[in-house]
Amino acid sequence: MASDSKLFMGEVVKEWGDVLLGKLRSLVDVDGGTGGAALMITEAFQSVKCSILDLAHVVDMQPENGLVEFVKGDMFVHWILHDWSDDECIKILKKCKEAIPNRGKVIIIEAVVEHDVDSNETTKTQYLLDIHMMTFTTGKERNENEWKSIFLQAGFPSYQIICDLGVHCVIEVYP
């Protein structure tokens, strides 16, 4: 996870930070580990209070840095939704909806198969990931229509997809 944050969170903050994070007052990074992503956000947007929710043994190993708050807690959310079936994704997103304010949003970093892809190699990689997910989990990589169906069933009628992170996209969903 830390290496993944270094790979693309810097790019997310640099390229889309104002759009995604500019108006936020607080942000919780669920399963945030050592806080790499939250630290990048806090350094770029000092007005955003970042907290990292992770398991107690992970939080206990983190040094106090004064920039982000580490919170011990139990969670059911894995790093990405592609691990889960459509029904499980809907359940997870419904719980997220319960936890955010009325005008809040959930930010998801996930693959969206064939969405604004300029690279044939990216598309091939997405399909290989899809085969991997279907082989080892109940999940899969999804295209925009599949994501839209999940979002609607979870109570998120509005969404925005921004792709330019290789196989990953930033998805914002709104109640």
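The values are calculated or read from the model by the stated rules, or taken from the named source; none is laboratory data. Source: prediction; values computed, not measured. Here the Cβ is made from the backbone with ideal geometry for all residues, glycine too, and neighbour counts use every protein chain on show.
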- The condition from (1) modelled with pLDDT of 85 or more; (2) aliphatic (A, V, I, L, M); (3) closer than 25 Å to ILE150 by Cα that MET61 misses is numbered (3)
- Checked against (1) within 26 Å of LYS140 (Cβ to Cβ); (2) at pLDDT 75 or above, SER3 satisfies every condition except (2)
- Message: Condition (residue is surrounded by fewer than 12 Cβ atoms within 10 Å (Cβ to Cβ) and modelled with pLDDT under 85) applied to region 81-98: is it met by at least one residue?
- Response: yes
